[in-house]
Structures are given as C-alpha cells and as structure tokens.
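Here is the structure we will look at.
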Amino acid sequence: MQQQWKEAFPGLLDKLLTTAMLTIGRDAEQGCFSALYAATSPEIVEKDWNGYYFTDPGQPGKESGQASDPGLGYALWYLSELIIKDRLGQGALVDWGPTV
C-alpha cells in the first residue's frame, strides 16, 4: 500500500490514515490481482473480455462517466501533446492520433 501521507501528515493523522487504508484499501499484492488475472486467465479469451477493466479478478468493471466522455478524452490527448511538445520539442510526437 502506498503511504505518502506519512511524510505529509506525521503523527496521529498518519496513524489514522494508515488504519483507514488497511481497513478499506488494498496493499500492493492485493492490488495487482486484477491485472494478473487479466494478463493470465484463459477466461479473458473465452468470454471475449479483451480490453475490459476489472475491479476484481473475474469481475469486469464499468467505465465512469468521465472515462467515457469523448470531450474529456480529447482534452486529455490535447494536454498530453502540449506537455510532450513543451518538454521534448515539437518533433517528439509521431502523427498517429488527433492533432493539436
């Protein structure tokens, strides 16, 4: 489990956050189960689940409203291109998607 809050909130708040996360959260080993399932389970092919998001092993999840919003998708693509061009230069991208 990630515990960045230990540095940001030392002391009592750290202990409260740690307890809460251990109660409702997942540690790294538990968190990887869905990805391992998706990468290795024959059910993925059998049930035509290629490309699905899994909340738990064997449990396809649903996209949030934000994840399925084409406008937000375009905005993310646009912002990503701007950041890459700013950091790596105008020639850093191969033209294989929407252009900015």
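Bear in mind that the values in this text are calculations on the coordinates, not laboratory data. The model shown is predicted, which means the values in this text are computed figures rather than measured ones. When we count neighbours, we look across all protein chains shown, and the Cβ atoms used for this are built from the backbone with ideal geometry, even at glycine.
With neighbours defined as other Cβ atoms within 10 Å of a residue's Cβ, the residues Thr18, Thr55, Thr23 order from fewest to most as Thr23, Thr55, Thr18.
Ordered by the number of other Cβ atoms lying within 10 Å of each residue's own Cβ, fewest first, Arg87, Arg26 fall into the sequence Arg87, Arg26. Label-to-label distance, Glu63 versus Ser41, with points set 7 angstrom from Cα along the beta-carbon direction: 2.1 nm. Within the straight-line cut-off of under 20 Å between alpha carbons, the aspartates and glutamates reachable from Lys85 are Asp95, sequence neighbours fewer than 8 places apart in one chain being disregarded. Straightening the chain between Ala75 and Leu93 buys 4.8 nm, computed as 0.36 nm per residue apart minus the Cα-Cα spacing. Placing R0 at 30 angstrom, the Cβ-Cβ distance between Ala8 and Cys32 gives a FRET efficiency of 0.75 after rounding to 0.05. Rounded to a whole number, what is D in µm²/s for the chain from Stokes-Einstein with the Kirkwood radius over alpha-carbon pairs (37 °C, 0.692 mPa s)? Translational D for this selection: 188 µm²/s. Bridgeable aspartates and glutamates around Lys62 (alpha carbons under 19 Å apart, same-chain partners fewer than 8 residues away excluded): Glu43, Asp48.
Residues whose amide H falls under 5 Å from that of Phe54, counting only those 5 or more places apart or on a different chain, are Gly61, with hydrogens built in the peptide plane.
Here the relative contact order of the chain, from alpha carbon pairs under 8 Å that lie six or more residues apart, stands at 15 percent. Computed over neighbours whose Cβ is under 15 Å from that of Ala35, the net charge equals -3, Lys and Arg +1, Asp and Glu -1.
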